[in-house]
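Here is the structure we will look at, set down as structure tokens.
The values are calculated or read from the model by the stated rules, or taken from the named source; none is laboratory data. From a predicted model like this one, the values you see are computed outputs, not experimental measurements. Cβ placement follows ideal geometry from the backbone for every residue including glycine, while neighbour counts extend to all protein chains displayed.
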Amino acid sequence: MKELPLTGIRVMDFGWVMAGPILGHMLADMGAEVIKIESRGRVDACRRGRPMKREDLPEGVEEFELVPLFHPLNRNKLSATINLSNPDSAWLLRELARKTDIIVENFTPGVLDKAGLSYEELKKIKPNIIVVALSAAGQYGPLRDVRTYAPSITSLAGMDSLIGYPGKGPVGTVGISYADPNASATGMVAVLAALYHRNRTGEGQYIDLPQMEAATALLGEAVLDYTMNGRVTRTMGNLHPTMAPHNNFRCQGDDKWVSIAVKTEEEWRGLVKAMGNPAWAQEERFADAFQRRRNLAELEKLIGEWTQNFTNIEVTEKLQKAGVAAAPVMDIEAELANPHMKAREVYIPMEHPYVGTEQITGFPWKLSKTPARLQRRSPLMGEHNDYVFKTLLDLSDEKIAELKAAQVIY
């Protein structure tokens with residue numbers, strides 16, 4: 001089996017919750033040795049969610065090992081416990097940093113500085129080290145120290161102002177923590193660019209990547225509309241400025257829907273043909289895109305009356321054959337059972353010693369020569385302490401016992 005592209009690269013992952021951990025596992029997926037730095041003194045919030053129920057949990061195994069959210073976000077990683085809040089941990093962290101290529105963190109600015117790991121100090125230890133900081137609003141500026149969760153970040157970015165029903169207030173960013181994985185994916189590009197630069201010049205660098213700015217970068221159309229036309233984009237629901245229909249329509253079954261979008265006259269003719277050329281489709285009020293957009297409520301009602309006669313799969317097949325962009329609105333159950341998702345390994349099984357088989361998301365990039373792969377499950381807390389402290393740092397058993405007693409290794 002071929003080596004993965006990032007084999008030989010070591011990462012200290014201080015990631016917390018999602019943004020840092022996702023970037024960490026992406027690096028690990030491509031072969032980097034990623035060591036998650038965590039502590040019982042401040043357990044990662046992803047370990048403090050709702051655990052899987054198990055009555056026969058072995059003695060000594062803590063319940064936070066059963067929290068499923070932690071597992072996919074930290075696959076392919078090692079875990080070492082170092083207590084950042086203990087001032088005596090600074091030298092230990094620096095020794096590990098000396099053997100590290102990349103540091104990932106998404107703390108509030110200044111947290112690693114207090115732990116003795118400011119970028120200036122790190123450069124003295126390892127001149128070519130790369131540090132990526134995924135803070136909420138960046139390492140400088142008036143909002144530098146802002147405290148946030150994911151909805152706060154998309155609100156600051158302007159994204160939440162666009163998500164909602166037409167003419168009503170914002171409802172949020174589609175109910176998920178969008179800013180975190182978006183910043184992680186952006187961070188992956190930045191880290192790879194920094195590694196490429198280091199390979200050419202020998203220089204490391206500091207990457208200041210605010211999650212807020214990574215989300216704002218996706219709002220180009222709304223920004224352009226304001227700067228060029230003076231219009232502030234408001235909530236539009238599923239409406240589109242020119243396309244009609246452009247919405248989800250109810251189908252047979254409990255809460256089953258199909259997404260339909262029509263842009264061109266050719267696509268409109270395909271939709272009409274697939275519906276059996278109903279007489280209403282020939283009326284003047286639906287004669288062109290402008291008229292269809294103008295009479296959208298009536299159009300959507302009539303299309304919905306047709307889609308409800310079929311399953312969302314049947315509607316999709318009819319419209320795809322007619323050259324119309326249509327797709328079933330997939331819930332997770334449908335995705336896991338879908339033949340295409342199975343063929344593409346969109347979800348892959350991961351064995352956990354206390355949870356059993358879990359389905360986690362796979363690898364969206366498919367490299368022909370060096371495809372990403374699941375090399376190890378998510379780690380138990382401190383599972384790889386012996387490797388980190390004995391093998392990498394060459395500490396004696398006596399020194400390790402001393403550090404444990406002082407709750408430096410904790």
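Under the condition of being touching a strand residue (DSSP E or B) at 6+ places or on another chain (Cβ under 6 Å) and closer than 12 Å to Gly164 by Cα, the residues counted in region 216-240 number 1. I need every pair where a residue in region 99-111 that is within 18 Å of Gly141 (Cβ to Cβ) has its Cβ under 8 Å from the Cβ of a residue that is charged (D, E, K, R), sequence separation at least 6 or different chains. Cβ pairs passing all conditions: Thr108/Asp145; Thr108/Arg147; Pro109/Arg144; Pro109/Asp145; Gly110/Asp145; Val111/Glu105. The residue list Ile102, Ile125, Ile130 contains one member that is under 22 Å from Arg373 (Cβ atoms) and aliphatic (A, V, I, L, M), which is Ile102. Of all residues in region 315-324, one or more are in contact with a Lys or Arg (Cβ under 8 Å, 6 or more places away or on another chain) and either among the polar types (S, T, N, Q) or surrounded by 13 or more Cβ atoms within 10 Å (Cβ to Cβ) (or both).
Lys342 falls short on exactly one of the conditions (1) of a type in the set (D, E, K, R); (2) surrounded by 14 or more Cβ atoms within 10 Å (Cβ to Cβ); (3) out of contact with any Cys (no Cβ under 9 Å at 6 or more places or on another chain), and that condition is (2).
Would you confirm whether or not region 4-13 contains a residue that is of a type in the set (Ser, Thr, Tyr) and either under 22 Å from Leu93 (Cβ atoms) or in contact (Cβ under 8 Å) with a residue 40 or more places away in the chain (or both)?
No, every residue in region 4-13 fails to be of a type in the set (Ser, Thr, Tyr) and either under 22 Å from Leu93 (Cβ atoms) or in contact (Cβ under 8 Å) with a residue 40 or more places away in the chain (or both).
The number of residues in region 169-198 being aliphatic (A, V, I, L, M), outside any loop (DSSP other than H, G, I, E, B) and more than 23 Å from Ile125 (Cα to Cα) comes to 5. Does region 48-61 contain any residue that is in the same structural domain as Lys114 (by TED's automatic domain parsing) and buried (at least 22 other Cβ atoms within 10 Å of the Cβ)? Within region 48-61, not a single residue is in the same structural domain as Lys114 (by TED's automatic domain parsing) and buried (at least 22 other Cβ atoms within 10 Å of the Cβ). Ser85: hydroxyl-bearing (Ser, Thr, Tyr), surrounded by fewer than 23 Cβ atoms within 10 Å (Cβ to Cβ) and under 30 Å from Met1 (Cα atoms), yes or no? No: the conditions fail for Ser85.
Of all the residues that make up region 16-48, how many are under 25 Å from Thr186 (Cβ atoms), of a type outside the set (Asp, Glu) and outside any helix (DSSP H, G or I)? Summing the residues that are under 25 Å from Thr186 (Cβ atoms), of a type outside the set (Asp, Glu) and outside any helix (DSSP H, G or I) in region 16-48 gives 10.
Within region 239-254, being of a type outside the set (D, E, K, R), surrounded by 14 or more Cβ atoms within 10 Å (Cβ to Cβ) and under 26 Å from Arg285 (Cβ atoms) holds for Leu239, His240, Met243, Ala244, Pro245, His246, Asn247, Asn248, Phe249, Cys251. Listed by position, the strands (runs of 3 or more DSSP E) contained in region 199-286 that have at least 3 residues being farther than 23 Å from Thr307 by Cα and in contact (Cβ under 8 Å) with a residue 60 or more places away in the chain are 205-208.
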